[in-house]
Amino acid sequence: MKILIKGGRVMNPATGFDSVCDVYIIDGIVEKIGADITEQADKAIDATGKIVAPGLIDMHTHLREPGQEYKEDIKSGTRAAAQGGFTSVACMPNTSPVLDNAPLVEFVKNKAAKEGCVNVYPIGAVSKGQKGEQLAEIGDMKEAGAVAVSDDGRPVSNPVLMRHAMEYADMFGMLVISHCEDLNLVAGGSMNEGFVSTRLGLKGIPNAAEEVQIARDVILAKETGKRLHIAHVSTAGGVEIIRQAKKQGIRVTAETCPHYFTLTDEAVEGFDTNAKMNPPLRTQKDVDAVIEGLCDGTLDAIATDHAPHHRDEKEVEFAVAANGIVGLETALCLGITHLVRKKYLTLSELLAKMTCNPADILSLNKGKLEEKADADIVIFSDDEAYTVDKETFASKSKNTPYHGWEVYGRVECTIVGGKVVYER
């Protein structure tokens, strides 16, 4: 299969390449990038006025399969990814049963190969059953195809187990991704602790619940000298702890999510359960700090934490509603609308945090648009306004707070391995 993409603004944030030119693909590989390519192609795509970039990489996705297919499955989740411009996703292990062994990792890999339309990289559990008691078989999961380990959805509360996980994972070239949450400080809270929670009469979760655990894990990373990645950073204090850790040379990387730079806890007004997530939405001070952390490199990546839930799990009392929102279809447009158009980041800087940076963190040979690279490509407009409509989402679930928002950054085409998997 030969594809010729004509006349787009081709960007490769890994190298800083940024030029209006053509991209020629043969059998899933980028064969040539240059001006006025005239080779014959089975499919020609006019990208005039559009951005042509490496396919986005989400290092924090919940595909829900196995066991929770009523919320999402690998087929629907990867189609949601393709619609959002993602060509690769790393899926978290808090499924049912938990991805804590090689056969289940292999199940996800095989199912994705058969039914998925983007690259799927499983993340195994740190502990058996995510119970925080015994290490899972990390080496076996690595051999089966896992790219990292995490107990995401729950913290590893035992510091001894966390230390052993970091040491053991490092033996296999694996990364530990930490869900930072002190459950004693959470104490049954359901939103950010502050003025809004007091007014609404909801039990709050203090920033310290996240920051205490970040500090502990950073100290363990310093003690062991091993790699550590902090998931979904939401607080000003958390950003500062990571910033200071990096200055000390500690091997820590971190991600945040679009909802932590676009929303505050005021979105909970009216008890809107689409604004309920974990960590919770914080204050404007925290939003500003997260944006600053993205700007100065403290926060390396933007992940979606795509967390689909059935409407029956959201249309209930706020305190008992499930945490999380769908994010694959809205991540790029929110980044362009709220970071690039407001001049916090350049488009190349935004794309780096959604392509080559997560690829480097997970040691994936992805995230670059250059000759001889895999033809994983997204084509999008960055200047066309449109309205988010959850009913157009490919995800099975529609739990989003962004329905009706006017945004910029519309995905026109997604190509995975030289195959067009989405076209608007």
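Say whether the condition of being closer than 16 Å to L281 by Cα, modelled with pLDDT of 95 or more, surrounded by fewer than 24 Cβ atoms within 10 Å (Cβ to Cβ) and touching a helix residue (DSSP H, G or I) at 6+ places or on another chain (Cβ under 8 Å) is met by at least one residue in segment 304-320. Yes, segment 304-320 has at least one match. Of all residues in segment 112-140, those satisfying the criterion of being charged (D, E, K, R) and part of a helix (DSSP H, G or I) are K114, E115, K128, D140.
Could you tell me which residue of segment 141-187 is surrounded by the most Cβ atoms within 10 Å (Cβ to Cβ), considering only residues that are free of Cβ contacts under 8 Å to residues at least 24 places away in the same chain and in a helix (DSSP H, G or I)?
V186
Scanning segment 45-100 for residues that are hydrophobic (A, V, I, L, M, F, W, C), part of a helix (DSSP H, G or I) and in contact (Cβ under 8 Å) with a residue 60 or more places away in the chain gives A80, A81, A82.
Residue count for segment 287-305, restricted to those that are outside any loop (DSSP other than H, G, I, E, B) and of a type in the set (D, E): 3.
Applying a threshold of 8 Å to beta carbon distances and a minimum spacing of six or more residues, or different chains, the list of pairs starting in segment 218-235 at a residue that is within 26 Å of K285 (Cα to Cα) and ending at one that is in a helix (DSSP H, G or I) and of a type in the set (S, T, Y) reads H232/Y260; V233/Y260; S234/Y260. Scanning segment 216-263 for residues that are in contact with a Phe, Trp or Tyr (Cβ under 8 Å, 6 or more places away or on another chain) and either on the phi > 0 side of the Ramachandran plot or assigned by TED's automatic domain parsing to the domain that holds Y402 (or both) turns up just one, H232.
Residues that are surrounded by fewer than 18 Cβ atoms within 10 Å (Cβ to Cβ) and either more than 29 Å from Q68 (Cα to Cα) or touching a residue at least 60 places away in the same chain (Cβ under 8 Å) (or both) within segment 378-389 comprise D383, E384, A385, Y386, T387, listed in sequence order. Which ones in segment 203-255 are over 27 Å from A187 (Cβ atoms) and acidic (D, E)? E223 - this is the single residue of segment 203-255 that is over 27 Å from A187 (Cβ atoms) and acidic (D, E). Listed by first and then second residue, the pairs linking a residue in segment 316-327 that is over 24 Å from T61 (Cβ atoms) to a residue that is surrounded by fewer than 20 Cβ atoms within 10 Å (Cβ to Cβ) and of a type in the set (A, V, I, L, M, F, W, C), with Cβ atoms under 7 Å apart and 6 or more places separating them unless they lie on different chains, are F318/F271. Among the residues of segment 1-44, not one is in a strand (DSSP E or B) and modelled with pLDDT under 95. For segment 369-408, a tally of residues being assigned to a loop (DSSP other than H, G, I, E, B), over 18 Å from A47 (Cβ atoms) and not aliphatic (A, V, I, L, M) returns 14.
The values are calculated or read from the model by the stated rules, or taken from the named source; none is laboratory data. As the structure is a computational prediction, the values presented were derived from the model and not from experiment. Cβ sites come from the backbone with ideal geometry, for glycine too, and all protein chains shown count toward neighbours.
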